[in-house]
Amino acid sequence: MLPDHLLCHPLSTALDTRIQHHIDQKTKPLGALGKLETLAAQVARIQQSMTPKADDAVHLVFAADHGICAEGVSPFPSAVTAQMVLNFLHGGAAINVFCRQNDAAFKVINAGVLGELPEHPDLVNTPVRNGTANFLHEPAMTTDELMQCLNTGSRMVDEFAALAQVISLGEMGIGNTTASAAILSALLHLPAAQTTGAGTGADEAMQAHKAEVIRSALQHHGLDSSDPLRILQTVGGLEIAMMTGAYLRAAALGKLILVDGFIATSAWAIAAALQPALRDYSVFAHQSNEHGHAVVLQKLEVLPLLHLDMRLGEGTGAIAALPLVRLAVAFFNEMASFADAGVSESNA
């Protein structure tokens, strides 16, 4: 049972006719702006406004380590997680560049990184534990730790995105593609071989090993897709669990949510299984080049805006789509109608 602050509700359809009429009366053929029209209508519907906004955007990156790395599922050591967090704090990562370029506020949340991290104005140190347990042998976290993660993710949205119209989430955690693949295999009934990819650079032999680790873990735990929280607790990550709580809270507060790639999708999929209305608030920013993301998106029946062969993580794909959201809102608000411009409409 989820607490009330993580519950989201289907969007009202009260303005739908006005919104669509407003779009159709713009000086263009019907549907000529394609997905931008759909996107503009979604933003207006979420905000229940005929003057929607997308000026204020917030990007939260959740970071944590994974006990499953003990099974040799990544070519990089867990120490890289903390090293990359430091890179974020120094402003040198791709996501820093993307956020600066797109005027998106940025925070990093330490959900459970091994080792100490320095105090920094862009860092929130709120670790639940020092990395997850090795889920090949035991659940990644306890029930209490899972709930702490969900509530902390929710609180981060309240603290840093209360006034934002758009929110996106990113992640950092060596081993988290393994956790995400396990989540999606269990939740969507997909073979581990279909959800397991290179992650931070695993070769074919390591990918085959990752898939076997996942298959063995799922068999060992006997997970049931009807219990999403148990899946998350058993094979998930601390950062993934916090992202799940953040997605739910963002929808509860009526934010437009930009969903990033493979790992972000695993958190979103759990959240949507718990609260199906989450779909109303969500835009899938891109199709990651991480193996398995395409089949997962197809299974979830969602269409991404972009396909740029990206698989960096950090939320870079989500922020890459932010300009499209702003373009959609701009045309909705600023483009002339046939009546405004004195242009004749089609007689067809």
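The values are calculated or read from the model by the stated rules, or taken from the named source; none is laboratory data. Keep in mind the model is a prediction, meaning the values are calculated, not measured. FYI the Cβ positions are ideal-geometry reconstructions off the backbone, even for glycines, and counts take in every protein chain you see.
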In contact with a Pro (Cβ under 8 Å, 6 or more places away or on another chain) and either within 19 Å of His220 (Cβ to Cβ) or modelled with pLDDT of 95 or more (or both): which single residue out of Leu163, Leu187 fits that description? Leu187
In the list Glu290, Glu314, which residue meets the criterion of being under 22 Å from Ala193 (Cβ atoms) and either touching a Lys or Arg at 6+ places or on another chain (Cβ under 8 Å) or outside any strand (DSSP E or B) (or both)? Glu290
Can you find even one residue in segment 181-204 that is in a helix (DSSP H, G or I) and out of contact with any helix residue (DSSP H, G or I) (no Cβ under 6 Å at 6 or more places or on another chain)? yes
Spans of helices (runs of 4 or more DSSP H) in segment 11-94 with at least 2 residues closer than 19 Å to Ala111 by Cβ: 79-89
Looking at segment 37-62, I want the residues that are under 12 Å from Tyr281 (Cα atoms) and modelled with pLDDT under 95 and have a partner that is polar (S, T, N, Q) and surrounded by 15 or more Cβ atoms within 10 Å (Cβ to Cβ) with Cβ atoms under 9 Å, at least 6 apart or on another chain. Which pairs are those? none
Tally up the residues in segment 303-324 that are in contact with a Ser or Thr (Cβ under 9 Å, 6 or more places away or on another chain), surrounded by fewer than 21 Cβ atoms within 10 Å (Cβ to Cβ), in contact (Cβ under 8 Å) with a residue 40 or more places away in the chain and more than 20 Å from Ala179 (Cα to Cα), please. 0
For segment 15-37, what are the residues that are of a type in the set (A, V, I, L, M) and either surrounded by 15 or more Cβ atoms within 10 Å (Cβ to Cβ) or in the same structural domain as Gly254 (by TED's automatic domain parsing) (or both)? Leu15, Ile19, Ile23, Leu33, Leu36
Among Ala140, Ala133, which is the only one that is over 17 Å from the mean Cα position of the chain (by Cα), surrounded by fewer than 20 Cβ atoms within 10 Å (Cβ to Cβ) and within 11 Å of Gly67 (Cβ to Cβ)? Ala133
Residue satisfying all of: in segment 325-336; surrounded by fewer than 17 Cβ atoms within 10 Å (Cβ to Cβ) and of a type in the set (Gly, Ala, Ser); farthest from Arg45 (Cα to Cα) among these: Ala336
For Glu334, are the conditions met, namely being out of contact with any strand residue (DSSP E or B) (no Cβ under 9 Å at 6 or more places or on another chain), farther than 20 Å from Val97 by Cα and in the same structural domain as Pro29 (by TED's automatic domain parsing)? yes
I'm trying to understand the selection: among the residues of segment 294-311, which are assigned to a loop (DSSP other than H, G, I, E, B) and of a type in the set (D, E, K, R)? Glu301, Asp309, Arg311
Given (1) more than 15 Å from Gly254 (Cα to Cα); (2) under 25 Å from the mean Cα position of the chain (by Cα); (3) exposed (fewer than 12 other Cβ atoms within 10 Å of the Cβ), number of the condition Leu2 does not satisfy: (3)
Tell me which helices (runs of 4 or more DSSP H) are completely within segment 218-287 and hold 3 or more residues being over 15 Å from the mean Cα position of the chain (by Cα), within 21 Å of Thr196 (Cβ to Cβ) and at pLDDT 95 or above, or say none if there are none. 228-235
Those residues of segment 7-24 that are of a type in the set (Asp, Glu) and touching a residue at least 12 places away in the same chain (Cβ under 8 Å) come to a total of 1
Would you mind finding the one in Ala162, Ala105, Ala111 that is within 19 Å of the chain's Cα centre (by Cα), in the same structural domain as Ala285 (by TED's automatic domain parsing), surrounded by fewer than 23 Cβ atoms within 10 Å (Cβ to Cβ) and part of a strand (DSSP E or B)? Ala105
Residue match in segment 81-98 (condition: hydroxyl-bearing (Ser, Thr, Tyr), in the same structural domain as Gly173 (by TED's automatic domain parsing) and within 22 Å of Ala246 (Cα to Cα)): yes
Please count how many residues of segment 325-348 are of a type in the set (S, T, N, Q) and either free of Cβ contacts under 8 Å to residues at least 12 places away in the same chain or in a helix (DSSP H, G or I) (or both). 3
